[in-house]
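The values are calculated or read from the model by the stated rules, or taken from the named source; none is laboratory data. Keep in mind it's a predicted model, so treat the numbers as computed, not measured. Backbone-built Cβ (ideal geometry, glycine too); neighbour counts: all protein chains shown.
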Amino acid sequence: MKTLTTTHTKVCCALALALSASTMPTVYAQEGTQDTGHQNALMEVIEVKSRKLRNAEPIQETPLAVTAFGEKQLDALNVDDLSDLTFNSPNVQFEEVGTIPGVQNFSFRGQGINSSIPSVDPTVGTFIDGVFLGTTYGVVLDMYDIESIEILRGPQGLLLGRNVTGGAVSIRTKRPGEEFNASVKAAITDSDSYTIAGTVEGTLVDDKLRGKLVVYRNDDDGYFDYEGSGHQSQFTIPGTDVTITPTYFTPEGEVTGAMETEFYRGTLVYDATDNLEVTLIGETGSVEGDGAAWQSTLGILDAATGEYLDNPQGEFTTAGDEAGLTDGDWNQLILEANYEIGNGVLTNILGWREVDMLSVFDLDGSPAPIFAVSADTEQDQISNEIRYAASAFDDKLDYTIGYYYFEQDISYLEGRLIFGGARRVALGGSMDHKTTGLFASGDYHISERLTLTAGLRYTKEDKDADVIDSSAGSCTDIFNFADCTYINLKRDWSSVTPKLGLDYKLADNALLYTFWTKGFRSGGVNFRNAKPNLFDPGPTDDESQNSYEIGIKTDLFHDRLRLNASYFFNEIDDIQREINVADPDVIVLQATLNAGDAEIEGLEVDFVGVITDNFTLAGSIGILDGDYTFKRPETAAQFGDDLPRLAELSYSISANYSLDLEDNGFVDFQLGYSYRDETAYTDSNSAYFPKAKDLKADITWSNLDDNLSVSIYGKNLLDEARWGNITGSGFWGPMQRGRVVGLEVKYSLM
């Protein structure tokens, strides 16, 4: 394996010293700086909760690599969903797969997945108000009224459980305040996307009950030029006898990609006693519109290098013969209780969530009837975590102990219409999935400056899946799944996840930390394994990881410069990967396999610098190096040398300037540029994502009371073409949007 003393390392260090990168990590309020606009957002103090201690802790005192965004920072960055943060933290990619809207393929530190298969477990876990989302579906959806987002890089299995080997994202929605308040947001873009959202909150029963209602709606008329024939296939909803025709028919010469998104969220906070607080959060939402806009990448990308050929800015067109559709909804309830008892807090978080998603799309993106797909996913889950966080021995020990239970049912049915129906293939399956965990973690303060961290988690996991066996020859009618032959795949795993670390305060404003921990990812099942006679249908062996990290967090020059850095080294055994193989019968053959062993190491730097009272620079840089150290002989031919979604170099930089207009409020100017190296998409290295260069800008006026703001912003101002994935041998991919310019107005009574 190469080391980081390479050309990339030299570039990394040079860029770090030259104001590299653009994340906006939390900073304490600086003495003498203006308390205005985006400048204030950059200086916002955020306390992170992901270590599950009795009290939240300032981010600079948290001994791990974490980037956090508060409400004002998210507003300043014009964050609509998690994909908007893809360039705002080192070695982090918040990509959605694009095949089906809302499906995440996040990659942290070079560890991610390439799949829209709901049975494939992510390496980056997403949590909403403390509840783990069991499938990748319904993750990259519109957000509004968010209190904070914490991005934790590296394995978090000790406290957060299995399948967070790459890292975790923790989203916390805003709780209602005691005073009555109402707010509204209205936005429009140059691509005819309209958003209206609002909140109402306040006290319902004095000193007892507070409530909030959130309403959100986005009407998007589409972005991509449609050059297809406008053909509409009739599809039967998988597993039923209901025949449908795409609702959003797109005639030739129009645009496609239309989508309507809406959700409603209600929150109640009940102060039952002085020691007991109960919070109930309910949300329901839906998406409805066109299918994904697929495009042939032939003539646009060199499949071997990922370089643009004749289309550097991208032509955002699709010529599919199938207009496609998306029809999905989700519902969730979260009940959280916090009870102060003894010298600590007893917390219980009960969560329930269901996601239904139907999608039809033309995967080849061409006028020829080559490959159309219908996919129907249903997932429901229930989980409960109970934990006690307290202090002992005169506050020398802070500890957390807990129990976790999670259960989900997933059903997936897919119909493939190949060559206009000359061949029909039915794929899919169902799975029962349960996991339990016991965990304990403690910080022992050896002295005022030196702290020892130790913890242990035991996890037990069971999967019972039935997967369609297309090779049996009995499952060729996509309108009648009842005749399919199923393979039963059943297995259980258990693991012990330890962590041992030290952190030392070099000074009041400098923290040095190091730790070792392990990660665990349970074996996988692939509902799209069309030929189990060729590839083992699974479940795969579990994936394990040893992770070593050392980092430093500092506030320098009288707290005018925040500079953080970390180095990590990961050893991954039996790494699980999803292959995409061209196949004459099913076009793309997919399977989940244990590829072998790998090592990944990396360096991360991020900073915020207050240059003057109203001018701030922020940045981050990430460098990665990863290699297979062993490939299983029986599957080695399926895997190239480059690990997918591992960008050797990524960096960005943003500048913020605040102009004080005195009685007329103030104006903030923000400009950010980001870069990411080309990365392999397919495990065989047959397709690569091109280098990504992102430019965004924002101008915001706010009044003196800071309750009215008007923003003009631009995203992807270089108008680069990007794809959520590049399928098969690198021929097709679902497009992401190019340049978007928008206007946003926000008003709050308070």
I'd like the full set of residues that are of a type outside the set (Gly, Ala, Ser), closer than 17 Å to residue 263 by Cα and in a loop (DSSP other than H, G, I, E, B), limited to the range 113-140. 129, 137, 139, 140
Of all residues in the range 658-679, which are without any contact (Cβ under 8 Å) to a residue 60 or more places away in the chain, buried (at least 18 other Cβ atoms within 10 Å of the Cβ) and under 25 Å from residue 704 (Cβ atoms)? 665
Checked against (1) outside any loop (DSSP other than H, G, I, E, B); (2) within 21 Å of residue 726 (Cβ to Cβ); (3) modelled with pLDDT under 95; (4) not hydrophobic (A, V, I, L, M, F, W, C), residue 663 satisfies every condition except (2)
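Residues are listed down the side, and each one gets a yes or a no for (1) touching a Phe, Trp or Tyr at 6+ places or on another chain (Cβ under 7 Å); (2) in contact (Cβ under 8 Å) with a residue 12 or more places away in the chain:
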{"site": "73", "(1), (2)": "no, yes"}
{"site": "86", "(1), (2)": "yes, no"}
{"site": "97", "(1), (2)": "no, yes"}
{"site": "101", "(1), (2)": "no, yes"}
{"site": "108", "(1), (2)": "no, yes"}
{"site": "117", "(1), (2)": "yes, yes"}
{"site": "121", "(1), (2)": "no, yes"}
{"site": "124", "(1), (2)": "yes, yes"}
Taking residue 143 and the conditions (1) in contact with a helix residue (DSSP H, G or I) (Cβ under 9 Å, 6 or more places away or on another chain); (2) surrounded by fewer than 24 Cβ atoms within 10 Å (Cβ to Cβ); (3) in a strand (DSSP E or B), which numbered condition does it fall short on, given that it satisfies the others? (3)
Answer yes or no as to whether residue 366 is closer than 24 Å to residue 100 by Cα and either among the basic types (Lys, Arg) or not in a strand (DSSP E or B) (or both). yes
Just give me the residues in the range 675-710 being among the hydroxyl-bearing types (Ser, Thr, Tyr), over 23 Å from the mean Cα position of the chain (by Cα) and in a loop (DSSP other than H, G, I, E, B), in sequence order. 684, 686
Could you say whether any residue in the range 643-659 is on the phi > 0 side of the Ramachandran plot and either part of a strand (DSSP E or B) or small (Gly, Ala, Ser) (or both)? no
Kindly check whether there is at least one residue in the range 289-297 that is surrounded by fewer than 17 Cβ atoms within 10 Å (Cβ to Cβ), at pLDDT 90 or above and assigned to a strand (DSSP E or B). no
Out of 375, 389, 337, I need the residue that is touching a Lys or Arg at 6+ places or on another chain (Cβ under 6 Å), touching a residue at least 24 places away in the same chain (Cβ under 8 Å) and crowded, with 17+ Cβ neighbours inside 10 Å. Which one? 389
Among the residues of the range 117-135, count how many are touching an Asp or Glu at 6+ places or on another chain (Cβ under 8 Å) and at pLDDT 95 or above. 2
For the range 526-561, the count of residues that are assigned to a strand (DSSP E or B), without any contact (Cβ under 8 Å) to a residue 60 or more places away in the chain and not polar (S, T, N, Q) equals 5
Looking at (1) outside any loop (DSSP other than H, G, I, E, B); (2) within 30 Å of residue 638 (Cβ to Cβ), can you tell me which one residue 672 breaks? (2)
Could you list, in sequence order, all residues of the range 608-631 that are assigned to a loop (DSSP other than H, G, I, E, B) and either surrounded by 18 or more Cβ atoms within 10 Å (Cβ to Cβ) or modelled with pLDDT of 95 or more (or both)? 614
Go through 191, 148 for me and flag whichever is over 30 Å from residue 649 (Cα atoms) and either free of Cβ contacts under 8 Å to residues at least 12 places away in the same chain or not hydrophobic (A, V, I, L, M, F, W, C) (or both). 191
Can you tell me which residue within the range 643-657, out of those that are of a type in the set (A, V, I, L, M) and within 18 Å of residue 610 (Cα to Cα), is surrounded by the fewest Cβ atoms within 10 Å (Cβ to Cβ)? 655
Could you grab me the full set of residues in the range 402-425 that are without any contact (Cβ under 8 Å) to a residue 60 or more places away in the chain and in contact with a Leu (Cβ under 8 Å, 6 or more places away or on another chain)? 403, 424
Can you tell me which residues in the range 546-598 are surrounded by fewer than 20 Cβ atoms within 10 Å (Cβ to Cβ), modelled with pLDDT of 90 or more and of a type in the set (A, V, I, L, M)? 550, 552, 556, 561, 563, 565
Quick check, is residue 434 part of a strand (DSSP E or B), surrounded by fewer than 21 Cβ atoms within 10 Å (Cβ to Cβ) and within 24 Å of the chain's Cα centre (by Cα)? yes
Can you tell me which residues in the range 35-66 are aliphatic (A, V, I, L, M) and modelled with pLDDT of 90 or more? 48, 53, 56, 59, 64, 65, 66
Checklist (1) of a type in the set (A, V, I, L, M, F, W, C); (2) at pLDDT 95 or above; (3) within 24 Å of residue 122 (Cβ to Cβ) applied to residue 680, failing item: (2)
Conditions (1) surrounded by fewer than 21 Cβ atoms within 10 Å (Cβ to Cβ); (2) under 25 Å from residue 108 (Cα atoms); (3) β-branched (Val, Ile, Thr) -> residue 487 fails only (2)
Only one of these conditions is not met by residue 360: (1) in contact with a Phe, Trp or Tyr (Cβ under 6 Å, 6 or more places away or on another chain); (2) surrounded by fewer than 22 Cβ atoms within 10 Å (Cβ to Cβ). Which number is it? (2)
